[in-house]
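Presented below is the structure to which this report refers.
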Amino acid sequence: MTLEVEISQTLGAFELDATFRSAGPLTALFGPSGSGKTTLVNFIGGLARPAKGRIVADGRVLVDTAAGIFVPMHKRRIGYVFQDARLFPHLTVSQNLRFGRFFTPVAERYADFDQVVGLLGIEHMLERRPAGLSGGERQRVAIGRALIASPKLILMDEPLASLDEARKAEILPYIERLRDETRIPIVYVSHSIAEVSRLASDVVMMSAGKVLAVGSVAEIMPRLDLLPAEDRGETGALVELELAAQEEEFGLSLLRSSGGEWRLPRIDAAIGTRLRVRVRARDVMIATERPVNISALNVLGARIVEIAEGEGADALVTLESGADRLFARVTRRSVQHLRLASGSPVFAVIKSATFDRDNAGYPGGRPGG
C-alpha cells in the first residue's frame, strides 16, 4: 500500500509542513520530541482535521481540504495503537479484542480471532481483565484489538514509550511478526534510534515540523547529522547478516555478511535466518593490519570511503566492507597517526560484547520460527 501525505498546519507558534510518500511495510516517523510526529499521525488517523493538505492511502482519498473531503476516523479502516493501551477496564481481554470489530462491516472483516490471538501469544489471558496484566501484555492486547478490526493500515504512536526495557524486549518480536506476517502496512512513531533501526523498512525523518529526509532505513539512519546537534544521538550503520551456526559452548552465534564472519551473543533463531544489526560508530575500531591475539571477535576487511573531521577531537570514518557501509568514530590524532585516507585498505574491529537485543532484529520472515 502506498501512503501519500501533504499537510500544512499552524498550531500556535508551531508550524507543521510535512510531505512524504511511502510504500514500505513499516514506515517510521522518526525525530525528537516536539517534531510533529504525533500531530501528523493524528491527521492520518482522523483524530484531527488539518487546515490544508491531502492524505491518500492505497489510492483512497482520506483528506483533501481543497475538495472538501474528510473521511471520519471510524470509516477509515485504520487501527490505532497508542502509548498507553487504553483498554476498557471492565471488559475481559476477549471482550476488549472483539470490541475492535464494532465499526467494521461484516462483509469487510478478514481478521480471524484465533489467528490474531495466536500471533500475539495471548491465549492464556483471554478471561483476565486489564488490571491483571503487565504493561507489555496490555500492549499486546491493544495491538490485537487493532488487528481484529480488519484494518487496511495500522498506526502505532510510541507504543513502547511507557514500558521498561524488559517489557520493550517482550513486545518488539511481536511487532516484527505483525510487520512480516500480516502484510498490513504500519506507520510507527518513535524517537528511538534502536527501535526504528530494528523495525522500520522506511523512515520519514522529522524535526521542528519539517520532513528532513525520506527513504529506506539503511539510507536514512546513518544521516543523523541532519538533525539538530542536541538530537542526533549515535551514528551507526545497518548490516544484514545471515545466521550460519550456533557456538553453544560459548553462548555465541556465527553469522555471515558480504564482508565476512560475525560473532554475536547467542540469537535464538533458525539457521538461515536473516537479521538486521545496528553497528554503532563508537563500537568500531580501525586497524591498518589484521590484528592478532586480541579479544575482539569481529575483524572485517574494509576500505575507507570518506573521513569527516570535526572541530573537536573526533573524526567520523566511513568504511565499505563487502556490500555494507560501516562507520567508525575515532580521534583526529588516530587519523593522522595511522595515516588514514580515502581508498586505504583497513580492518574494522568490533567487539561482540557491544551488541545487545536492542541493536538486532529481523528485517523479514524468519525461516523455521
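Some points to look at:
- Meets criteria (crowded, with 18+ Cβ neighbours inside 10 Å, assigned to a strand (DSSP E or B) and within 24 Å of the chain's Cα centre (by Cα)) for residue 300: no
- For region 338-355, the set of residues classified as surrounded by 11 or more Cβ atoms within 10 Å (Cβ to Cβ) and not in a strand (DSSP E or B) consists of 338, 340, 342, 344, 351, 352, 353, 354, 355, listed by residue number.
- Unique residue being in the same structural domain as residue 38 (by TED's automatic domain parsing) and surrounded by 20 or more Cβ atoms within 10 Å (Cβ to Cβ) when the list is 118, 144: 144
- For the residues 62, 40, the requirement of being crowded, with 23+ Cβ neighbours inside 10 Å and either among the aromatic types (Phe, Trp, Tyr) or more than 20 Å from residue 213 (Cα to Cα) (or both) singles out 62.
- Every listed requirement among (1) modelled with pLDDT of 95 or more; (2) on the phi > 0 side of the Ramachandran plot is met by residue 251 save one, (1).
- Verdict on residue 305 being of a type in the set (Val, Ile, Thr), modelled with pLDDT of 90 or more and part of a strand (DSSP E or B): yes
- The strands (runs of 3 or more DSSP E) falling completely within region 233-282 that include 2 or more residues that are among the hydrophobic types (A, V, I, L, M, F, W, C) and under 21 Å from the mean Cα position of the chain (by Cα) map to 236-247, 274-280.
- Top-ranked residue of region 88-142 - restricted to ones that are outside any helix (DSSP H, G or I) and among the hydroxyl-bearing types (Ser, Thr, Tyr), ranked as nearest to the chain's Cα centre (by Cα): 134
- Residue within region 218-225 that is part of a strand (DSSP E or B) and either at pLDDT below 90 or outside the structural domain of residue 21 (by TED's automatic domain parsing) (or both) present: no
- Boolean, residue 255 is crowded, with 20+ Cβ neighbours inside 10 Å and touching a residue at least 24 places away in the same chain (Cβ under 8 Å): no
The values are calculated or read from the model by the stated rules, or taken from the named source; none is laboratory data. Being a predicted model, the structure only gives us computed values, none of them experimental. Neighbour counts run over all protein chains shown; Cβ positions are idealised from the backbone, glycine included.
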